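Visitor: Structure incoming, see below.
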Amino acid sequence: MASGVTAAIAPHKARILIVSADERYRKHILSTLRRTTGSVEEALSGAHALAKLQSFACDALLLDRRLPDLDPAEIAQLARREHPNIEVHFLDSLDADAIGTLGSSVAFPSDFETAPAAEHELPHGDQLPGMVGSGRAMQEVYQLVRLVAERDTTVLITGETGTGKELVARAIHQISLRAKNPLVVVNCAAIPETLLEAELFGHARGAFTGAVQSRLGRIHVAHGGTLFLDEIAELPLTMQSKLLRFLQDGEVQRLGTSDVLRVDVRVICATNVQLLDNVRQKLFRQDLYYRLAVFPIDLPPLRERSEDVSLLVDQFLSELCRQARVPAKRISAASLALLRRYAWPGNVRELQHSLERAFILSGDETQLHVEHFSRVADASCLRGH
């Protein structure tokens, strides 16, 4: 909405969220609006505002341009994504008369301006632990990770195979308040169905054939920390109901015992399939899906972030040289151009393996050339690149 345009919202129905780190400024607006409007909430920062919006469906979002953590335009963009009809307005200064206008009709003064969503470029923030990428797509991922890390909200990470879903889970854990406690990783597809319950919930001695001693489950081991359930779509239906009960109650019961243990665990899940399709096919419980997908993070495939290929190449090549204890090697311009053009169906993992093979093939050479990436070159030709 351009400057000077008013947003008329019926006072008795208006739900407004005021976002400003300046308590005096925030309280001044708040006290005035509460006399004439419906419901008014306040947030002290951008992250606080996004958290509020999860439970407070507001009609208008008043954003101070001077926030301590996030760019107000980013907040506006995320708010509109979740609440398409929300009115978003920037605040620079607000005198007493203007505040009075707000109180009477929620008519915004001329110095209110709506955030430009589509054209705004996200700032290049610092990368997260273990993650590489400076393009817009990864900056959005970094932003979401930072927002959710400080909370205990359940996170569902989606993306194609090889995009780095476990790296995101580890980053969330490492920058959270749980970082000093365990991160326990469980690959739901790698454990036989007959053993999965015992692995997750633990068992007493003699609970089943082969249970020669009691054992704590992975959930209990993660107490105080984070449980990362990879390939969650592979979780059998029989286990889905038990996982849902744990998520609701925070309690686990070991096989072969009547003891119920309460645990404090933050759960992060990942999948490379569309879980909603599995829900429609009755392969995945709908109630569990909505319990897991509280805060979804979707990772872009590497073909959509070609600007990050050179950064990834530098990191992987540097690590290969360090592990092999050899002087630093470089990659030729022609080779890098080839890698940037390639579609990478296997994503970052395929890039990493291709570099490792090229590194080995290069032998004592100090530079990686196109001939060292013959598989990539051949695949590119087959795909018409």
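Visitor: For residue 327, what charge total do you get from the other residues with a beta carbon under 12 Å from its beta carbon, if Lys and Arg give +1 and Asp and Glu give -1? Can you show the working numbers first?
Guide: On the way: positive: 322, 325, 329, 330; negative: 364, 365.
Cβ neighbours under 12 Å give a net charge of +2.
Visitor: Zone of residue 187 (label point 7 Å along Cα→Cβ, backbone N under 18 Å): which residues in segment 162-177?
Guide: 162-170
Visitor: Sticking with this structure for a sec: Test of understanding: ordering 282, 27 by Cβ neighbours within 10 Å, fewest first, what list do you get?
Guide: On the way: 282 9, 27 13.
Sorted ascending by nearby Cβ count, the order is 282, 27.
Visitor: Just to confirm my numbers, what's the Cα centroid distance between segment 308-362 and segment 231-299 in Å?
Guide: So the separation of the two Cα centres works out to 37 Å.
Visitor: Whole-Hz Karplus ³J(HN,Hα) for segment 296-309, in order, using 6.51 cos²θ - 1.76 cosθ + 1.60 and θ = phi - 60°, x for Gly and Pro?
Guide: After applying 6.51 cos²θ - 1.76 cosθ + 1.60, I find x, 10, 9, 8, x, x, 5, 5, 9, 9, 4, 5, 8, 4 Hz.
Visitor: Kirkwood Rh, segment 287-364, all Cα pairs: how many Å?
Guide: Numbers: mean 1/r = 0.0700 Å⁻¹.
This gives a value of 14.3 Å.
Visitor: Turning to a different aspect of this structure: For residue 85 and residue 247, calculate 0.36 nm times their separation in residues minus their Cα-Cα distance, and state this gained length in nm to one decimal.
Guide: Between residue 85 and residue 247, full extension yields an extra 55.1 nm.
Visitor: Which whole-Hz ³J(HN,Hα) couplings does segment 15-20 yield from phi under the Karplus relation 6.51 cos²θ - 1.76 cosθ + 1.60, θ = phi - 60°, glycine and proline marked x?
Guide: 10, 10, 10, 9, 10, 7
Visitor: Turning to a different aspect of this structure: How high is the relative contact order of segment 156-304, given as a whole-number percent (alpha carbon pairs under 8 Å, six or more residues apart)? Show your work: numbers first, answer last.
Guide: Numbers: 263 pairs, mean separation 50.0, N = 149.
Dividing the mean separation by the residue count of segment 156-304 yields 34 percent.
Visitor: Using 0.36 nm times the number of residues separating residue 303 and residue 136, minus their current alpha carbon distance, what extension gain do you get?
Guide: Here the answer is 58.8 nm.
Visitor: Still on this structure: When a footprinting reagent is the concern and you count Cβ atoms within 10 Å, what order do 15, 303 take, fewest first? Write out the running numbers ahead of the final one.
Guide: Working: 15 17, 303 13.
By the 10 Å Cβ count, ascending: 303, 15.
Visitor: For 289, 342, which order do you get if you count the other beta carbons within 10 Å of each Cβ and list the fewest first?
Guide: Numbers: 289 18, 342 22.
So the residues, fewest neighbours to most, are 289, 342.
Visitor: So who's got an amide H within less than 5 Å of the one on residue 42, skipping anything under 5 residues away but keeping other chains? H placed 1.01 Å off N, in plane.
Guide: 18
Visitor: In nanometres, what is the gap between the two model label sites at residue 371 and residue 41, each 7 Å from Cα along Cα-to-Cβ?
Guide: 6.4 nm
Visitor: Here is a follow-up. Take the Cα of residue 343, step 7 Å along the line toward its Cβ, and report every residue of segment 274-303 whose backbone nitrogen sits under 19 Å from that point.
Guide: 300-303
Visitor: I've got another one for you. Among all the lysines, which ones have a C-alpha under 28 Å from residue 52's C-alpha, if same-chain residues fewer than 8 places away are not counted?
Guide: Residue 52 reaches 13, 27, 165, 180.
Visitor: Counting Lys +1, Arg +1, Asp -1, Glu -1, what net charge surrounds residue 195 among other residues with beta carbon under 12 Å of its beta carbon? Intermediate values should be presented prior to the final figure.
Guide: Working: positive: 215, 218; negative: 193, 197, 199.
Cβ neighbours under 12 Å give a net charge of -1.
Visitor: Let me ask something else about it. Go ahead and run the numbers for FRET between residue 57 and residue 318, Cβ-Cβ distance against an R0 of 56 Å, rounding to 0.05.
Guide: Working: r = 48 Å, r/R0 = 0.85.
So, using R0 = 56 Å, E works out to roughly 0.75.
Read-outs: derived from the displayed coordinates by stated rules, not from any lab. Predicted model only: the values in this text are computed from it and were never measured. For neighbour counting, all protein chains shown are included, and Cβ atoms are generated from backbone atoms with ideal geometry for every residue, glycine included.
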